[in-house]
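Quick notes on the structure that follows.
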Amino acid sequence: MAIAFYIPGLLRLQTGGRSQVDIDAAAATVGEALAVLWLEYPGLRDRLVTEQGEVRQHVNIFVGAENIRDCGGFSATVSDGAAITILPAVSGG
Amino acid sequence: MEAKTFVNPKNSAALLLVGTMKGAFLLSSEASRERWDVSGPHFPGRVVYSMAYDGRDRRQRIWASSTHFAFGTLLHSTEDFGRTWTNPESAPVKFPEETGQSLRQIWQIAVGSEQGKMYCGVEPAALFESNDAGQSWSLVQGLFDHPHRSQWQPGGGGLCLHTILVDPSNAKRLHVAISTGGVYRTDDGGKSWQVRNQGISAEFLPDKYPEFGQCVHKVARHPSRPERLFLQNHGGLFRSDDAGDSWHEIVNGVSSDFGFPMAMHPHDPDTAYIFPLEREMRCSPDGRLRVYRTRDAGGSWQPLSTGFPQEASYETVLRDGMDADSLQPAGIYFGTRSGKVYGSRDEGETWRLILAGLPAITCVKAVVL
């Protein structure tokens, strides 16, 4: 099953410069898909989640156009061909 | 300001590590400290609350913490004066999952008196230590398990462990300061911690002299006299001559007893520097920029203003925003929330503006190479 992750610019140091990372994994949820991503690029994990395993407050993860905070968090389901986009929240100052 | 990619340490005697709300800057100068080269920003856009220099074992290693608003807090080091910085894959300083805590900021990086020993003070208030010169870190469980911890309250800047004082004469002794909690001391290398607030006031509590809960802003010690400590409180200046067992007030002629930094003279254990702030506005009183210096361990304080603007200068210096170099005569430096770096090459007698236009300055550390 193919899943595409889209990586924001500031985190591409952790992916060897890649803006898109494609994984092929039997992942039913966002959490399972992220676990596969972190195996390949371990530097992403601490930048996305806290020590408690929660998505950092100002990190947004979308499946398609839907923020996982609105559809089950790490339990949000993914299907073959899913696009998961990681973005820092909008911020000013 | 002409910011270069890096400074050249071969031509440098003095180095200033300047952390800001939007990155770090390195300023280097010859021993005359007449002209300063500037490099930066390092970690642009990230909050750099703490920096430190480790010159032990012939190292020339600079440490910096960086906090990105979205992606969290990391600890970095450079061996080449900022040309390259480490970018660790996993966060070097982080709470064990079972603590239920998540790191917000690293407020202080300290080099220990033992070989390879280092410390980080963090928010939420806790202490981390390294025994391998910063390669790996672990939570100091003895302080984390202290029964007072659940009653510590955040100050305006958060619930932070912001001050770490190593004792050059006793590797097992360490002082830390927490806002709000106060001063704690270990005499057994961090296994057990005793509160050391007797005589320090807490004006914002019904009990003005509680066992703990004080909002200590900064504590400083001179390495040649480690049992003596100077303390800038959230209201009040204090000195201890018995390693914190007792404190007495030393507000003797200071324009305001409120402030954040407390910096020691490098060669004289009786000389210290503070930057008083007007209590409500938390800026230099009356718009007059003045550092105060004591030469008699707090028996009296003298305002130092030669070279400073004396009108419409409403500046704030944060708790780690002032430091001294160890050259002769000593250089004294501070950075303001308005992004100015001031310095004195004559122990505070005269001052000049070294650099303006930086983001809000969080820390200034002076290093002699």
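Rule-based calculations on the coordinates, nothing more; no lab input. No experiment lies behind these values; they were computed from the predicted model shown. Counting neighbours? That spans all protein chains shown, and the Cβs are built from the backbone with ideal geometry, glycine included.
Using amide H atoms built in the peptide plane, which far-off residues or other-chain residues are under 5 Å from residue B:278 H to H?
Amide H neighbours of residue B:278: B:283, B:284.
Residue B:288's amide H: which non-local residues (gap 5+, or another chain) put their own amide H closer than 5 Å, with H modeled 1.01 Å from N in plane and none for Pro or chain starts?
B:313
Cα centroids of the range B:251-302 and the range A:1-80: how far apart, whole angstrom?
Each part reduced to its Cα centre gives a spacing of 51 Å.
Karplus couplings for the range A:9-16 from phi (6.51 cos²θ - 1.76 cosθ + 1.60, θ = phi - 60°), rounded to Hz, Gly and Pro as x?
x, 5, 9, 6, 4, 8, 10, x
Using the Cα gyration tensor of the range B:234-369, with a ≥ b ≥ c the square roots of its eigenvalues, what is the shape: rounded (a/c below 1.5), prolate (a/b larger than b/c) or oblate (neither)? Intermediate results must be reported in sequence, preceding the final value.
Working: a/c = 1.61, a/b = 1.19, b/c = 1.35.
Oblate shape, in that a/c is at least 1.5 and b/c is the bigger or equal ratio.
How well do other chains shield peptide A:40-49, expressed as the mean number of their Cβ atoms within 10 Å of each residue Cβ? Write out the running numbers ahead of the final one.
Details: counts 0, 1, 2, 5, 3, 3, 11, 8, 3, 2.
Across the residues of A:40-49, the mean count of other-chain Cβ atoms within 10 Å is 4.
Pull out the extension gain between residue B:252 and residue B:90, defined as 0.36 nm times the separation in residues minus the alpha carbon to alpha carbon distance; nm, one decimal. Write out the running numbers ahead of the final one.
On the way: separation 162, 0.36 × 162 = 58.32 nm, distance 4.87 nm.
Result: 53.5 nm gained on full extension.
Please rank B:94, B:208, fewest neighbouring Cβ atoms within 10 Å first, as an exposure proxy. Don't skip to the answer; put the middle values down first.
Values: B:94 22, B:208 12.
Lowest to highest Cβ neighbour count: B:208, B:94.
Which value, in nm² and rounded to one decimal, describes the direction-averaged projected area of the C-alpha convex hull of chain A? Kindly include the intermediate steps, with their values, before the conclusion.
On the way: hull surface 23.8 nm².
Result: 5.9 nm².
Going by a ≥ b ≥ c, the root eigenvalues of the Cα gyration tensor, does the range B:1-154 fall in the rounded group (a/c under 1.5), the prolate group (a/b larger than b/c) or the oblate group? Spell out each step's value before the answer.
Details: a/c = 2.25, a/b = 1.73, b/c = 1.30.
Prolate, because a/c is 1.5 or more and a/b exceeds b/c.
If you find the alpha carbon centre of the range B:77-141 and of the range B:230-244, how far apart are they in angstrom?
Cα centroid to Cα centroid, the span is 27 Å.
Going by how many other beta carbons lie within 10 Å of each one, how would you line up B:264, B:21, fewest first? Intermediate values should be presented prior to the final figure.
Details: B:264 23, B:21 18.
Exposure proxy ranking, most exposed first: B:21, B:264.
Can you list residues from other chains, or at least 5 along the same chain, whose modelled amide H is less than 5 Å from the amide H of residue B:45?
Correct list: B:23.
What is the Å³ per residue value for the convex hull set by the Cα atoms of the range B:123-185?
Roughly 90 Å³ of hull volume per residue.
When the Karplus curve 6.51 cos²θ - 1.76 cosθ + 1.60 is applied with θ = phi - 60°, which whole-Hz ³J(HN,Hα) does each residue of the range B:193-199 get, with x for Gly and Pro?
So the Karplus estimates, Gly and Pro as x, are 9, 10, 5, 9, 10, 5, x Hz.
Kirkwood Rh over alpha-carbon pairs of the range B:314-366, then Stokes-Einstein at 20 °C and 1.002 mPa s: what D in µm² s⁻¹, rounded to an integer?
Working: Rh = 10.9 Å.
Using the Kirkwood radius from Cα pairs, D works out to 197 µm²/s.
Normalised radius of gyration for the protein assembly as shown, please: alpha carbon Rg relative to 2.2 N^0.38 Å, two decimal places.
Numbers: Rg = 23.2 Å, N = 462, 2.2 N^0.38 = 22.6 Å.
The value comes to 1.02.
Taking the number of other C-beta atoms within 10 Å as the exposure measure, put B:117, B:365, B:10 in order starting with the fewest. Walk me through the numbers before you get to the answer.
Details: B:117 20, B:365 23, B:10 8.
Ranking B:117, B:365, B:10 by Cβ neighbours within 10 Å, fewest first, gives B:10, B:117, B:365.
If you line up the Cα atoms of chain B on their principal axes, what length do they span on each, largest first, in Å?
50, 50, 38
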